[in-house]
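**Student:** Quick one: structure below, then a few questions.
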Amino acid sequence: MFKPAIPTLQKGTFHIAHWGCQMNVYDAMRLSDLMVSHGYVESSPENASVIILITCAVRAKAEDKVFNQILSWQHAGIVRDDTLIALGGCVGAELGQALIKENPRLNIVFSPRTAHRLPALIEKFKATGRNLVDVEAQGLEKFDFLPLESAPALSSFVTIMEGCSNKCTYCIVPYTRGPEISRPVKDILTEARHCLEHGAREIHLLGQNVNSFCGEDTDGTTASFASLLYEVAALPGIERLRFTTSNPMDFTDDIVTAIRDLEVIADHVHVPIQSGSNRILELMHRRYTRDAYLRLTDRLYAARDGISLSSDFIVGFPGENEQDFEDTLDIVRRVHFDQSFSFIYSKRPGTPAAALPDETPLEVKKERLYRLQELLDTSARECTEALVGSVQHCLVEGISRKDAGELKARASNNHVVVFEGSPELIGTMVKVRITESIAHTLRGEAVYED
Ligand code: SAH
Ligand code: SF4
Ligand code: F3S
């Protein structure tokens, strides 16, 4: 990680739009700092000389979003003839050269692993006028070139590993972000410490499967995710620690013990199950069974009172029959999931599942998704309503969008809480007694102690 000198010569303006997961949010923020350190000024899309798109390829609809955005900016005259367009993120890695061939309006294509090269690619494009594709890079090179964040968020993301080697059969991520590789603990601690020294109160560790973290520890041995949790939890100034995502496959006892022992860890874990059918889990190559998943949720509930669990579900995986789907509904009836995500299976080119026969009509898949979402909604509503009357430790994030007299905060269990209070409380932890639950939002009143 280098500390850039502040350049005096302004090179142009840029705007970054991003889609997809939190790892893209992290990449976009770090790339923004990199551009600023190279003399660019962040602007609205209308005023940008460089438009940067950080894209997601996880489902076909996610992929379409970027092309629709470019078209709508072109129609609105926001993208002018001389606007440089750079497309990065997972679609860049997935389609590379083909993107430029199909859409000559794109000037630069890069990938999650080559984001740090963007300023140099822009210079090269300006010098030659030739469109460029640069999507290949070794390991963790990116992190050596991204500056430490200039203005970290109250809740700061810190990526602890790149890529994924699990190759779940439906998933494109291993092909876009490359094989899994963990960052050294020293670099993670340096970055987290920097964020905390510059205003962050919460650290949110990111990886496609944080449980399999195996970075080099400060003493030269290999760290586990549990040992990393203890080290980050001991950093001065940390008030809360979150992590995403945990594959149930290797959610080991030492991680559950860390959740039990470290109060600073938030009361919320996201554990994507995808399907409740053992047959489908095997076809997905998820490497756990529904019983193993239920044992894990029992262990988590036992480790921490009031822990909130959320999940991801895929409906209509090739070959899913009514009984498989019923097995998924059965899991939702047994585990009290809080706000979760569910999607219809999307065929991703080049993934093993793309070759499986998929005969279930779309209408049936839509109907299953609807039934699942009804059940998930009921479960989430019950979790929310059960919080009325409780006192929640909340990190005050800002002013409520709906009412300027109210503050918006996030409880440890990841619920949004609004309450009346003075803006001076922004950035602090406040105890809030929950008085009401409306849809998924909680309303409460601050509890001030003498
Ligand atoms: N690494 C995480 C998931 C990251 S992708 C994990 O293993 O749990 C985020 C979510 O997108 C997944 O949990 C899955 O529910 C969904 N997803 C991934 N590929 C998909 C596909 N081809 N079709 C539909 N949903 C998909
Ligand atoms: Fe995709 Fe599976 Fe890796 Fe998650 S663990 S990113 S679903 S391949
Ligand atoms: Fe999407 Fe890539 Fe994240 S495909 S979900 S942006 S890792």
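A short reminder: the numbers here are calculations on the coordinates, not readings from a lab. Keep in mind the model is a prediction, meaning the values are calculated, not measured. For neighbour counting, all protein chains shown are included, and Cβ atoms are generated from backbone atoms with ideal geometry for every residue, glycine included.
**Student:** Please report, for the Cα atoms of segment 305-450, the Rg to one decimal and the Dmax as a whole number; what are they, in angstrom?
**Tutor:** Cα radius of gyration and Dmax of segment 305-450 are 19.8, 65 Å respectively.
**Student:** In Å and on Cα atoms, what radius of gyration and Dmax does segment 25-174 show?
**Tutor:** Rg then Dmax for segment 25-174, in Å: 15.3, 43.
**Student:** Could you compute the FRET efficiency for Leu71 and Asp254, with r as their C-beta to C-beta distance and R0 at 56 Å, rounded to 0.05?
**Tutor:** Rounded to the nearest 0.05, the efficiency is 0.70.
**Student:** Antiparallel as a % of all DSSP beta bridges within segment 291-450, to the nearest 5?
**Tutor:** Counting only bridges with both partners in segment 291-450, antiparallel ones make up about 70 percent.
**Student:** For the pair Met429 and Glu374, what calculated FRET efficiency results from E = 1/(1 + (r/R0)^6), where r is the Cβ-Cβ distance and R0 = 45 Å, to the nearest 0.05?
**Tutor:** 0.80
**Student:** Which is farthest toward the positive dipole end of segment 321-450 among Ser412, Thr428, Thr384, measuring Cα position about the Cα centre, with Cβ charges +1 (Lys, Arg) and -1 (Asp, Glu)?
**Tutor:** Thr428
**Student:** Can you give the alpha-carbon Rg of segment 341-380 over 2.2 N^0.38 Å, where N counts its residues?
**Tutor:** Normalised Cα radius of gyration, segment 341-380: 1.41.
**Student:** Moving on. Quickly estimate the mean residue ellipticity at 222 nm for the chain, helices only: each DSSP H run with n ≥ 4 gives -39500 (n - 2.57), and the total goes over all residues, rounded to 500.
**Tutor:** About -10500 deg cm²/dmol.
**Student:** Sort Ile314, Ile259, Ile181 so the one with the fewest other Cβ atoms within 10 Å of its own Cβ comes first.
**Tutor:** Ile181, Ile259, Ile314
**Student:** Follow-up question, since we're still on this one. Could you calculate the FRET efficiency of Asp305 with Ala98 from 1/(1 + (r/R0)^6), where r is the beta carbon distance between them and R0 is 51 Å, rounded to 0.05?
**Tutor:** With a Förster radius of 51 Å, E is 0.50.
**Student:** Treating each Cα of segment 185-231 as an identical point scatterer and ignoring solvent, apply the Debye formula and state log10 I(q)/I(0) at q = 0.24, 0.26, 0.28 Å⁻¹.
**Tutor:** After summing over all Cα pairs, the log10 values are -0.92, -1.03, -1.11.
**Student:** Kirkwood hydrodynamic radius for segment 121-224: how many Å is it when counted over pairs of different Cα atoms?
**Tutor:** This gives a value of 15.7 Å.
**Student:** Ranking request for peptides 85-92, 144-151: highest mean number of other beta-carbon atoms within 10 Å first, then the rest in descending order.
**Tutor:** Final packing ranking: 85-92, 144-151.
**Student:** In bins 10 Å wide, starting from 0, what share of all Cα pairs of segment 349-422 does each bin hold, as a percent?
**Tutor:** Taking all Cα pairs of segment 349-422, the binned fractions are 16, 26, 22, 18, 16, 3 percent.
**Student:** Note the full-extension length gain between Glu282 and Gln22 as 0.36 nm times their separation in residues minus their Cα-Cα distance, in nm to one decimal.
**Tutor:** Here the answer is 90.9 nm.
**Student:** Across segment 11-126, how many lysine pairs separated by 8 or more positions, or lying on different chains, have Cα atoms within less than 23 Å?
**Tutor:** Total qualifying Lys-Lys pairs in segment 11-126 comes to 6.
**Student:** Hey, what's the Kirkwood Rh for segment 234-369 if you take every pair of different alpha carbons, in angstrom?
**Tutor:** After inverting the mean inverse Cα-Cα distance, the result is 16.2 Å.
**Student:** With +1 on each Lys and Arg Cβ and -1 on each Asp and Glu Cβ, how big is the dipole of segment 163-244 about its Cα centre, in debye rounded to the nearest 20?
**Tutor:** With Lys and Arg at +1 and Asp and Glu at -1, about 320 debye.
**Student:** Report the label-to-label distance for Arg105 and Tyr230 in nanometres (one decimal), using points 7 Å from each Cα along the Cα→Cβ vector.
**Tutor:** Between Arg105 and Tyr230, the simple spin-label model gives 5.5 nm.
**Student:** With 30 Å as the cut-off, how large is the P(r) tail for the chain, expressed as percent of Cα-Cα pairs?
**Tutor:** Roughly 49 percent, once rounded to a whole number.
**Student:** Trypsin sites (Lys or Arg not before Pro) within segment 30-87: which are DSSP loop residues with at most 13 other Cβ atoms inside 10 Å?
**Tutor:** Here the sparse-neighbourhood loop sites are Arg80.
**Student:** Compute the length gained on full extension between Ala439 and Arg401: take 0.36 nm times their separation in residues and subtract their Cα-Cα distance, giving the result in nm to one decimal.
**Tutor:** Taking 0.36 nm per residue and subtracting the Cα distance, the gain is 12.1 nm.
**Student:** Right, another one. Grab the alpha carbons of segment 206-283, take their convex hull, and tell me the volume per residue in Å³.
**Tutor:** Per-residue hull volume (Cα only) is 108 Å³.
**Student:** Sort Arg443, Arg368 by Cβ crowding within 10 Å, fewest neighbours at the top.
**Tutor:** Going from least to most buried by this count: Arg443, Arg368.
**Student:** Once the piece of chain linking Ser422 and His194 is laid out straight, how much longer is it, given 0.36 nm per residue of separation minus the C-alpha distance between them?
**Tutor:** 79.3 nm
**Student:** Could you bin all the Cα-Cα distances of segment 104-164 into 5 Å bins starting at 0 and give me the percent of pairs in each, rounded to whole numbers?
**Tutor:** Over segment 104-164, the share of Cα pairs per 5 Å bin runs 4, 15, 22, 20, 16, 13, 7, 3, 0 percent.
**Student:** Here is a follow-up. Sort out for me the Cα centre separation of segment 311-326 from segment 371-437, rounded to whole Å.
**Tutor:** 32
**Student:** In nm, to one decimal, how far is the modelled label at Glu382 from the one at Thr128, with both set 7 Å along Cα→Cβ?
**Tutor:** If labels sit at Glu382 and Thr128, their model points lie 6.0 nm apart.
**Student:** Over the C-alpha atoms of segment 383-442, what are the Rg and the largest Cα-to-Cα span, Dmax, in Å?
**Tutor:** Using the Cα atoms of segment 383-442, the pair Rg, Dmax is 10.4, 30 Å.
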